[in-house]
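Trainee: The structure that follows is given in the form of structure tokens.
The values are calculated or read from the model by the stated rules, or taken from the named source; none is laboratory data. In this text the structure is predicted, and so the values were computed from the model without any measurement. Neighbour counts run over all protein chains shown; Cβ positions are idealised from the backbone, glycine included. Note: accessible area is taken over every heavy atom of the protein model, side chains too, but ligands, DNA and RNA are not part of it. Shrake-Rupley method; radii C 1.70, N 1.55, O 1.52, S 1.80 Å.
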Amino acid sequence: MIKINLGGCSAFVKDADYKEYLKKAFDAFDTLQAGDGAGNDFLGWKDIPVNTPESMITDCEAIRDDWKERGVNLVVVLGIGGSYLGARCAVEALSHQFLPKKDAPRIVFAGNNMSEDYLAELLDLMAGSNTACIVISKSGTTTEPAVAFRVVKQYLESKYGKTEAADRIVAITDARKGALKTLATQENYASFVVPDDVGGRFSVLTPVGLLPICVAGYDIRALVEGALDAMKGLEIKSEKNPAVIYAAMRNCLHTELGKSTEILVNYNPKLTYVAEWWKQLFGESEGKDGKGIYPASVNNTADLHSMGQFIQEGSRVMFETVLHVERAQRSVVIEADEQNLDCLNYLAGKHVEHCNHMAELGTKLAHIDGGVPQMAVCMEKVDAFNLGGLLYFFEFACGISAYTLGVNPFNQPGVEAYKKNMFALLEKPGYEEATRAIKNRL
């Protein structure tokens, strides 16, 4: 179960103020649970841990096993935003940081940018690999993944032939409509459904995340079980509910102290992409109507030698939320050295993770002294079960926090602004008037 430590906030926040925001968070909790708030047609993610059918899990495993029989050693996952960040954060967290996983393909991600060099180098990789592809798009017309899929699809068909290529492509898309759904039906691709009532940034526990994670060789059953375990605690209305505590404190720090930026801090590089996923989750859910807490992240202790100076002594606009991992899964002990030229013999016999935890604690005290409040989100270890709990915790807390802030957590109207300009500049049919207007402007 995820736990919250508010000790690093006590010097900054009055107890009466926190209690007031706790009441507001409880009101938001009630709204989320009743399903009668703004965006309530996108609450399908809440029940995923209890509604994940066994057939969906076995279908994911069947794709994994089929591609293994074909000797696939590279899987290209095409998607953008929530259609790839959830899968990527899980794969990165669960992978060995240096060695490939035995008996599993390499997973790479594309369709999340429009860099020509990136796609050209992806084709270089595919040329020397036995490749399959997972394409994720509700509509099939989102520009970045659609461009990448056209390139990858044509390459696969030229290399393997249309029939064989079709067996190497899985579409995760709408159940009934859209360009990708139409193509999947025409070409007889295996397909999975993006639920209508689940937005992209809340979709990691649907096939959007589960299929790539499964194909990468990781235990999606444990991931869902971890989310279910978290769900049981998060649905209880209590002052000990970690999602309520987190939502209340971050809104208190933001509104009462004017803290406009939240920095998610990790001390384990496996969690780097969890922070990237978290930034989209909270940034897209809360950043609207002129409101929101700006989500940023650092990777310590590395960033203590770069961003650490700003956090310690820069403008006092931020608070920190530390992802605290209680224990490592591997053991490395520092040994004594006869010469001791590095002056580290005082650490002889200690585990490296002990030193990591002391660096974390020392940084906490230094940053508090420097005027930076700090919370900690605590998980036992980095494995599939605990990761599932962490991801579900943040989703649940995000819903409560956004309602506390007074915004719809489940829409993203501002995302369309850049697309209209891009389509006009690319002279997309139907945008002729916008093209003329933007060219005049430029």
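Trainee: Kirkwood Rh, Cα Rg: Rg to Rh for the range 1-114? Could you put the intermediate results ahead of the total?
Mentor: Values: Rg = 21.0 Å, Rh = 18.9 Å.
Rg divided by Rh gives 1.11.
Trainee: I would also like to ask the following. Just the C-alpha atoms of the chain: what Rg/Rh do they give, with Rh taken as the Kirkwood radius? Kindly include the intermediate steps, with their values, before the conclusion.
Mentor: Working: Rg = 23.2 Å, Rh = 23.4 Å.
Across the chain, the Cα-based Rg/Rh ratio is 0.99.
Trainee: As I understand it, the dipole of the chain uses +1 on the Cβ of Lys and Arg and -1 on the Cβ of Asp and Glu, about the Cα centre. Which of VAL198, ALA104, GLN312 lies farthest toward its positive end?
Mentor: Toward the positive end, the furthest listed residue is VAL198.
Trainee: Can I ask one more? With N residues in the range 341-442, what two-decimal value do you get for its Cα radius of gyration over 2.2 N^0.38 Å?
Mentor: Details: Rg = 24.9 Å, N = 102, 2.2 N^0.38 = 12.8 Å.
Output field value: 1.96.
Trainee: Can you quote the Å³ per residue value for the convex hull of the Cα atoms in the range 13-77, rounded to an integer? It would help to have the intermediate numbers written out before the result.
Mentor: On the way: hull volume 11.8 nm³, N = 65.
About 182 Å³ per residue, rounded to a whole number.
Trainee: Helix 432-441 against the longest principal axis of the chain: what's the angle in degrees, Cα atoms only, rounded to the nearest 10?
Mentor: For helix 432-441, the angle is close to 50 degrees.
Trainee: Which peptide among 232-239, 190-197 comes first, and what is the full order, when sorted by highest mean count of other Cβ atoms within 10 Å?
Mentor: Put in order of decreasing packing, that is 190-197, 232-239.
Trainee: Now for a different question. Nearest 5 percent is fine: what portion of the DSSP beta bridges confined to the chain is antiparallel? Let's see the in-between values first.
Mentor: Details: 5 of 41 bridges.
Of those bridges, close to 10 percent are antiparallel.
Trainee: For the range 319-335, what does the Karplus curve 6.51 cos²θ - 1.76 cosθ + 1.60, with θ = phi - 60°, yield as ³J(HN,Hα) per residue in whole Hz, taken in order and with x for Gly and Pro?
Mentor: With the stated coefficients, the range 319-335 comes to 10, 10, 10, 8, 7, 9, 9, 5, 8, 6, 9, 10, 10, 9, 9, 7, 9 Hz.
Trainee: Might you report the magnitude of the Cβ-based charge dipole of the chain about its Cα centre, with Lys and Arg at +1 and Asp and Glu at -1, to the nearest 20 debye? Don't skip to the answer; put the middle values down first.
Mentor: Numbers: 45 positive and 57 negative charges, 157 e Å.
Around 760 debye, computed over the chain.
Trainee: Then there's this: Quick one: Cα convex hull volume of the range 103-155, Å³ per residue?
Mentor: On the way: hull volume 4.2 nm³, N = 53.
It is 79 Å³ per residue.
Trainee: Let me see the P(r) profile for the range 108-229: every Cα-Cα distance counted, bins of 10 Å, each bin given as a percent of all pairs.
Mentor: P(r) for the range 108-229, in whole percents per bin: 12, 42, 35, 10, 1.
Trainee: Taking the mean number of other Cβ atoms within 10 Å as a proxy for protection, how do you rank 55-62, 151-158, 318-325, 125-132 from highest to lowest? Intermediate results must be reported in sequence, preceding the final value.
Mentor: Working: 55-62: 14.9, 151-158: 17.9, 318-325: 23.1, 125-132: 16.4.
Result, highest mean first: 318-325, 151-158, 125-132, 55-62.
Trainee: Using amide H atoms built in the peptide plane, which far-off residues or other-chain residues are under 5 Å from LEU264 H to H?
Mentor: Here the answer is ALA296, SER297, VAL298, THR321, since their amide H atoms fall under 5 Å of that of LEU264.
Trainee: Give the residues of the range 207-250 whose amide nitrogen is closer than 19 Å to a point set 7 Å from the Cα of ALA62 in the direction of its Cβ.
Mentor: Zone members listed by number: 207-217, 220-221.
Trainee: Quick check for you: with a 1.4 Å probe and neighbouring chains kept, what is the accessible area per residue of the range 48-174, in Å²? Kindly include the intermediate steps, with their values, before the conclusion.
Mentor: On the way: 5800 Å² over 127 residues.
In whole numbers, the range 48-174 has 46 Å² accessible per residue.
Trainee: Could I ask something else about it? Kindly write out, for the range 370-375 in residue order, the coupling ³J(HN,Hα) from the Karplus curve 6.51 cos²θ - 1.76 cosθ + 1.60 (θ = phi - 60°), rounded to whole Hz, with x marking Gly and Pro.
Mentor: x, x, 10, x, 9, 10
Trainee: Another question, if that's okay. Which far-off residues, 5 or more places away or on another chain, put their amide H under 5 Å from the one on ILE2, with H placed in the peptide plane?
Mentor: none
Trainee: In addition: For the range 347-357, what does the Karplus curve 6.51 cos²θ - 1.76 cosθ + 1.60, with θ = phi - 60°, yield as ³J(HN,Hα) per residue in whole Hz, taken in order and with x for Gly and Pro?
Mentor: 9, 4, x, 8, 6, 4, 5, 4, 5, 4, 5
Trainee: Can you send over the carbon and sulfur percentage of the accessible area for the range 292-431, probe radius 1.4 Å, protein chains only? Could the numbers behind the result be given before it?
Mentor: Values: 3870 of 6950 Å².
Carbon plus sulfur share of accessible area: 56 percent.
Trainee: Name the trypsin sites (Lys or Arg not before Pro) in the range 28-107 that are in a loop by DSSP and that have at most 15 other C-beta atoms within 10 Å, would you?
Mentor: Here the trypsin sites (Lys or Arg not before Pro) that fit, given the DSSP loop and packing criteria, are ARG70, LYS101, LYS102.
Trainee: For the range 276-379, evaluate the Debye formula with one uniform point scatterer on each Cα (no solvent term) and list log10 I(q)/I(0) at q = 0.11, 0.22 Å⁻¹, rounded to two decimals.
Mentor: -0.48, -1.26
Trainee: Could you tell me the largest-minus-smallest coordinate of the C-alpha atoms of the range 338-385 on each of the three principal axes, in descending order and whole angstroms?
Mentor: The Cα atoms of the range 338-385 stretch 41, 36, 11 Å along their principal axes.
Trainee: Here's a follow-up. Roughly how far apart, in whole Å, are the Cα centres of the range 2-17 and the range 128-200?
Mentor: Centre-to-centre (Cα) distance: 47 Å.
Trainee: Here's another thing I want to ask about it. To test your reading of the geometry: what angle, between 0 and 90 degrees and rounded to tens, separates the Cα axis of helix 116-127 from the longest principal axis of the chain?
Mentor: 70 degrees
Trainee: To the nearest Å, what is the center-to-center distance of the range 311-355 and the range 398-442, using C-alpha atoms only?
Mentor: With the range 311-355 and the range 398-442 each reduced to a Cα centre, they are spaced 44 Å.
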